[in-house]
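The values are calculated or read from the model by the stated rules, or taken from the named source; none is laboratory data. If you're wondering where the values come from, they're calculated on a predicted model, not measured in any experiment. Because the Cβ atoms are built from the backbone with ideal geometry, glycine has one as well, and the counts that use them run over all protein chains shown. Keep in mind that these areas ignore ligands, DNA and RNA; they rest on the heavy atoms of the full protein, side chains included. Shrake-Rupley method; radii C 1.70, N 1.55, O 1.52, S 1.80 Å.
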Amino acid sequence: MRVLVINGPNLNRLGVREPGVYGSNTLTDLEKDLLTFGEKFNSEVTCFQSNHEGDLIDAIHEADEQYDGIVINPGAFTHYSYAIRDAIASISVPVIEVHISNVHAREEFRHTSVTAPVTAGQIIGLGFKGYELAILALKDKIGGSRT
Ligand code: DQA
């Protein structure tokens, strides 16, 4: 299985950004761990991060041809980007949404996800572990035919 892990705006600041909320590990730590995790589960993991909405949309479109599934943390775009929602709705590979923090225990504006309704599911508030669980969920969803 080929998985694209997409991280949106400000997630390149992991490690220095609000460590009380997001922890002290960096995006590089996360991506390294996911590559190793993928190998254990016979999955090829590729990671992409951007702070730009259009670049995220392009990556989602391209993934439809090149990957079997997507794990995405759209960052704050989760809460208002109809363009990212439409990009996810336009592709046919399954998408799992991940949030490191428990968005439901935070500010009101974080309680809404405009992207969630077009994803296969969400994993929220479990820290970096959420990305690994999302890879396993994709594997389960896609089935044994594309190991
Ligand atoms: C986040 C939650 C969002 O509300 C926030 O804007 C982020 C990160 C998370 O992973 O918890 O950038 O998606």
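Run lengths n ≥ 4 of DSSP H only: what is the helix-derived mean residue ellipticity at 222 nm for the chain, with -39500 (n - 2.57) per run over all residues, to the nearest 500? Calculated from helices alone, the mean residue ellipticity at 222 nm is -11000 deg cm²/dmol.
Given the Cα-Cα distance of R17 and R2 and 0.36 nm per residue of separation, how much length would full extension add, in nm? Don't jump to the answer; show the numbers that get you there.
Values: separation 15, 0.36 × 15 = 5.40 nm, distance 2.95 nm.
Taking 0.36 nm per residue and subtracting the Cα distance, the gain is 2.4 nm.
Under the 0.36 nm per residue contour assumption, what length would be gained going from the current alpha-carbon distance of S92 and N42 to full extension? Between S92 and N42, full extension yields 15.8 nm more.
Relative contact order, percent, of the stretch 1-102 when contacts are C-alpha pairs under 8 Å separated by at least 6 residues? Relative contact order, the stretch 1-102: 37 percent. Take the Cα of F128, step 7 Å toward its Cβ, do the same at E53, and the gap between the two points is 3.1 nm. If you sort Y131, Y80, Y22 by accessible surface, 1.4 Å probe, largest first, the order is Y80, Y22, Y131. With the alpha-carbon atoms of the stretch 1-55 aligned to their principal axes, the span from lowest to highest coordinate is 33, 28, 13 Å, starting with the largest.
For A105 and A83 in the same chain, what is the full-extension length gain: residue separation times 0.36 nm, less their Cα-Cα distance, in nm?
Details: separation 22, 0.36 × 22 = 7.92 nm, distance 2.58 nm.
Full extension from A105 to A83 adds 5.3 nm.
Dipole magnitude for the chain: computed about the Cα centre from +1 point charges on Lys and Arg Cβ and -1 point charges on Asp and Glu Cβ, it is near 380 debye.
In this simple spin-label model, placing a label point 7 Å from the Cα along the Cα-to-Cβ direction at both D33 and H61 gives a separation of 3.3 nm.
What percentage of all Cα-Cα pairs in the chain are separated by more than 26 Å? The answer is 16 percent, as a whole percent. P(r) tail, the stretch 106-145: Cα-Cα pairs separated by more than 11 Å, 71% of all pairs.
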